[in-house]
1. Given the options Gly64, Gly68, Gly53, name the one that is at pLDDT below 95 and either within 20 Å of Ala120 (Cβ to Cβ) or part of a helix (DSSP H, G or I) (or both).
2. What about Asp83, is it of a type in the set (Asp, Glu) and either touching a strand residue (DSSP E or B) at 6+ places or on another chain (Cβ under 7 Å) or more than 18 Å from Arg21 (Cα to Cα) (or both)?
3. What are the residues in the range 1-42 that are within 20 Å of Gly64 (Cα to Cα), exposed (fewer than 12 other Cβ atoms within 10 Å of the Cβ) and modelled with pLDDT of 95 or more, if any?
4. Taking the range 105-135 only, how many residues are under 14 Å from Tyr49 (Cβ atoms), in contact with a Leu (Cβ under 7 Å, 6 or more places away or on another chain) and not small (Gly, Ala, Ser)?
5. Quick check on this structure: which one of Ala123, Ala84, Ala109 is buried (at least 18 other Cβ atoms within 10 Å of the Cβ), of a type in the set (Gly, Ala, Ser), closer than 14 Å to Met47 by Cα and in contact with a helix residue (DSSP H, G or I) (Cβ under 9 Å, 6 or more places away or on another chain)?
6. So in the range 87-106, with the set limited to residues that are among the small types (Gly, Ala, Ser) and in contact with a helix residue (DSSP H, G or I) (Cβ under 9 Å, 6 or more places away or on another chain), which one is farthest from Val60 (Cα to Cα)?
7. Those residues that are polar (S, T, N, Q) and either assigned to a loop (DSSP other than H, G, I, E, B) or in contact (Cβ under 8 Å) with a residue 60 or more places away in the chain (or both), I need them from the range 81-135; list them, please.
8. Is it the case that the range 50-67 has a residue that's over 15 Å from the mean Cα position of the chain (by Cα) and farther than 18 Å from Gln108 by Cβ?
Amino acid sequence: MTADGAGTESGERSAYWERVRELAARAERDRAGFAPPPDPPDESQAMRYLRTGVGPAVSVYVEGRTGGDLAAFSETEVSLLEDAVRTWLGLYARCYGVERDVDVSLRQAAEVLVDTRNVADTAALLTRVPESGSR
């Protein structure tokens, strides 16, 4: 799935399509431009992925699901947001020197963020990075 929405009919897009597309494109750029820190952890870079990536992506989903008019996100939009969140959580872990594929649903990430109200705690719970006791 690419951020251009190839294969998506315009009638299937929600009112959030442009934000979804921009977030997906940013995640692709961040993945392509990632350079592992020479001396992990790089906590400031890790937090950047959370504040400019995970947080806004999950917020779009939560806003669409809890606003006055529930957004009917297309499968493409959900997939793009989910891929973006997984990408940023993976990059977050790599900033700590941990290679990890993060298999989390967008809904799961949203539920954890709503429960914790903190994107750093959300990332730590979903990735198990940093390990308990090291934070």
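The values are calculated or read from the model by the stated rules, or taken from the named source; none is laboratory data. For clarity, every value in this text was computed on a predicted model and none was experimentally measured. Methodologically, a virtual Cβ is constructed for each residue, glycine included, from the backbone with ideal geometry; neighbour enumeration extends over all protein chains shown.
1. Being at pLDDT below 95 and either within 20 Å of Ala120 (Cβ to Cβ) or part of a helix (DSSP H, G or I) (or both) holds for just one of Gly64, Gly68, Gly53, which is Gly64.
2. no
3. Glu18, the sole residue that qualifies.
4. Adding up the residues that qualify gives 4.
5. Ala123
6. Ala93
7. Across the range 81-135, the qualifying residues are Thr87, Ser105, Asn118, Thr122, Ser132, Ser134.
8. So far as the range 50-67 goes, yes, one or more of its residues are over 15 Å from the mean Cα position of the chain (by Cα) and farther than 18 Å from Gln108 by Cβ.
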